[in-house]
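Notes follow once the structure below has been shown.
The values are calculated or read from the model by the stated rules, or taken from the named source; none is laboratory data. Note that the structure is a prediction, hence the values are computed from the model and not measured. Cβ coordinates were reconstructed from backbone atoms using ideal geometry, including for glycine residues, and neighbour counts include every protein chain displayed. Each accessible area value is taken on the protein alone, full model and side chains, heavy atoms only, with ligands, DNA and RNA left out. Shrake-Rupley method; radii C 1.70, N 1.55, O 1.52, S 1.80 Å.
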Amino acid sequence: MPGTAEEYQENPGTEGNGDYTIGPDYRIDPDLTDRGNPKGKLFEFSMRLADSNIFRGDDKTLDPKKPVRTERKIWVYVPAAYRDGTKAPILVTHDGPSRLDLVRNALDNLTISTDPDRRLPAFIAIAVQNGGNDSYGSQRGLEYDTMSDRLARFINDEVLPAVLNNPEIKAAYPNIVFTDNPWGKAVMGCSSGGAAALTMGWFRPDLFRRLITYSGTFVDQQDDDAAEEAEYPLGAWEYHSGLKLIENSEKKPLRIFTHVAENDNRANDPEETYHNWVMANRRTAAALKAKGYDYRFVFSRASRHCDRRVFEHTLADTLVWMWRGYKGE
């Protein structure tokens with residue numbers, strides 16, 4: 001069929017690919033500040049977990065001592081550059097609202113950049129709150145650390161339609177529509193949200209292909225009683241070590257940004273813990289490089305896990321690199 005992902009071609013080139021080291025000095029990129037450019041519209045609504053067919057908050061793997069939200073908030077930012085009725089690319093961000101303030105400024109400034117190499121497409125940003133708590137036995141851990149396509153399906157099948165059908169959004173943009181081109185769908189997250197971004201694209205490259213992970217939890221954080229343990233016993237550690245999924249799988253149509261901080265979580269842990277974030281991310285980047293992916297890896301000195309200074313310093317460049325080559329509809 002015309003317009004399918006297989007027929008769509010882009011040529012981003014290799015500019016910006018590779019390994020980079022930043023720090024110890026950090027500054028906020030001016031494109032991530034309010035430069036007085038026209039603002040888009042911000043919307044907020046909630047989705048009840050009990051109404052979901054995928055993440056209802058009642059999974060048997062959940063620890064009853066870890067609270068689950070009854071509803072999750074969704075924030076949607078439609079940039080001023082978006083024209084109602086055009087098929088919008090999207091960026092889904094985990095742990096919403098997270099860095100949505102920086103993403104909004106990037107959209108305001110860079111969708112109208114006079115530098116064609118710096119200009120961003122007018123993507124719609126959708127920040128999705130997690131289901132609650134953290135780590136083993138939590139709803140957030142179930143959503144983000146499980147090696148499956150479940151989160152990708154949740155976002156695609158439930159969140160995106162909820163955005164398009166939201167009365168307030170439809171009143172402002174009666175003809176709003178998202179692209180169905182997976183190259184027009186990006187995902188971003190930090191920590192387990194970063195691992196979740198890679199997992200969404202890894203298991204469903206037919207849905208999401210541009211992936212941004214900061215301080216990615218590519219460690220063994222999957223619930224021990226998850227059904228996925230049988231196939232992926234070390235959780236996201238399997239991407240780079242153990243099963244070495246990146247190395248041993250056919251190359252997928254993905255564009256991937258990864259980052260780790262010098263003082264990231266458990267940076268001095270031995271390998272047998274399967275929990276050293278720095279080791280995990282260095283290995284992930286090396287595996288992506290060896291497999292020939294379009295990848296960009298940033299190592300940030302004198303910084304910590306999900307350090308806001310790193311986002312302020314890099315996120316504009318990250319978004320520009322991530323969207324290189326994209327052709328809108």
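Can you find a residue that is in a strand (DSSP E or B), buried (at least 18 other Cβ atoms within 10 Å of the Cβ) and under 21 Å from the mean Cα position of the chain (by Cα) anywhere in the range 60-73?
Within the range 60-73, the first condition is being in a strand (DSSP E or B), and the residues that meet it are 71-73.
Retained after the next criterion (residues that are buried (at least 18 other Cβ atoms within 10 Å of the Cβ)): 72.
Subset that is under 21 Å from the mean Cα position of the chain (by Cα): 72.
Looking for residues that are in a strand (DSSP E or B), buried (at least 18 other Cβ atoms within 10 Å of the Cβ) and under 21 Å from the mean Cα position of the chain (by Cα), one finds at least one in the range 60-73, hence yes.
Which one of Arg83, Arg118 is closer than 16 Å to Phe178 by Cβ and open to solvent by 30 Å² or more (accessible area, probe 1.4 Å)?
Numbers: Arg118 fails: closer than 16 Å to Phe178 by Cβ.
Going through Arg83, Arg118 in turn, just one is closer than 16 Å to Phe178 by Cβ and open to solvent by 30 Å² or more (accessible area, probe 1.4 Å): Arg83.
Only one residue in Ala127, Ala197, Ala162 is assigned to a helix (DSSP H, G or I), within 13 Å of the chain's Cα centre (by Cα) and under 23 Å from Arg56 (Cα atoms), so which one is that? Reasoning before the result, please.
Values: Ala127 fails: assigned to a helix (DSSP H, G or I); Ala162 fails: within 13 Å of the chain's Cα centre (by Cα).
Selected residue: Ala197, the only one of Ala127, Ala197, Ala162 that is assigned to a helix (DSSP H, G or I), within 13 Å of the chain's Cα centre (by Cα) and under 23 Å from Arg56 (Cα atoms).
Among the residues of the range 252-267, is any touching a Pro at 6+ places or on another chain (Cβ under 9 Å), buried (at least 16 other Cβ atoms within 10 Å of the Cβ), under 26 Å from Asp134 (Cα atoms) and not polar (S, T, N, Q)?
yes
Does the range 131-159 hold any residues that are closer than 21 Å to Arg210 by Cβ and part of a loop (DSSP other than H, G, I, E, B), and which are they?
Met147, Ser148, Asp149
Quick one: in the range 275-309, which of the residues that are within 18 Å of the chain's Cα centre (by Cα) and of a type in the set (Val, Ile, Thr) is surrounded by the most Cβ atoms within 10 Å (Cβ to Cβ)?
Thr284
Select, from Ser215, Ser191, the only residue that is open to solvent by 10 Å² or more (accessible area, probe 1.4 Å) and within 12 Å of the chain's Cα centre (by Cα). Spell out how you get there, then give the answer.
Values: Ser215 fails: open to solvent by 10 Å² or more (accessible area, probe 1.4 Å).
Just one listed residue meets the conditions, Ser191.
Going through Asp206, Asp157, Asp220, Asp225 one at a time, which residue ends up being modelled with pLDDT under 95 and over 11 Å from the mean Cα position of the chain (by Cα)? Explain how you work it out, then say what you get.
Details: Asp206 fails: modelled with pLDDT under 95; Asp157 fails: modelled with pLDDT under 95; Asp220 fails: modelled with pLDDT under 95.
Testing whether each residue is modelled with pLDDT under 95 and over 11 Å from the mean Cα position of the chain (by Cα) leaves just Asp225.
What is the residue count in the range 86-110 for residues that are assigned to a loop (DSSP other than H, G, I, E, B) and over 20 Å from the mean Cα position of the chain (by Cα)?
Keep residues of the range 86-110 that are assigned to a loop (DSSP other than H, G, I, E, B), which gives 86, 89, 95-99.
Subset that is over 20 Å from the mean Cα position of the chain (by Cα): 86.
Matching residues across the range 86-110 total 1.
Condition (residue is open to solvent by less than 10 Å² (accessible area, probe 1.4 Å), more than 24 Å from Asn17 (Cα to Cα) and touching a residue at least 40 places away in the same chain (Cβ under 8 Å)) applied to the range 228-235: is it met by at least one residue? Don't jump to the end; show me each part of the working.
From the range 228-235, those open to solvent by less than 10 Å² (accessible area, probe 1.4 Å) are 235; that's our starting set.
So of that shortlist, the ones also more than 24 Å from Asn17 (Cα to Cα) come out as 235.
From what's left, touching a residue at least 40 places away in the same chain (Cβ under 8 Å): 235.
There is at least one residue in the range 228-235 that is open to solvent by less than 10 Å² (accessible area, probe 1.4 Å), more than 24 Å from Asn17 (Cα to Cα) and touching a residue at least 40 places away in the same chain (Cβ under 8 Å).
Taking into account only those residues within the range 66-107 that are hydrophobic (A, V, I, L, M, F, W, C) and in contact with a Lys or Arg (Cβ under 7 Å, 6 or more places away or on another chain), which is farthest from Phe311 (Cα to Cα)?
To start, the set of residues in the range 66-107 that are hydrophobic (A, V, I, L, M, F, W, C) comprises 68, 74-76, 78, 80-81, 88, 90-92, 100, 102-103, 106-107.
Those left that are additionally in contact with a Lys or Arg (Cβ under 7 Å, 6 or more places away or on another chain): 78, 80, 90.
Working: Val78: 21, Ala80: 23, Ile90: 19 Å.
Step by step, filter the range 66-107, then rank; the result is Ala80.
For the range 86-108, give me each residue that is of a type in the set (S, T, N, Q) and open to solvent by less than 10 Å² (accessible area, probe 1.4 Å). Please lay out each step first, then the result.
Step one: of the range 86-108, the residues of a type in the set (S, T, N, Q) are 86, 93, 98, 105.
Across the range 86-108, the qualifying residue is only Thr93.
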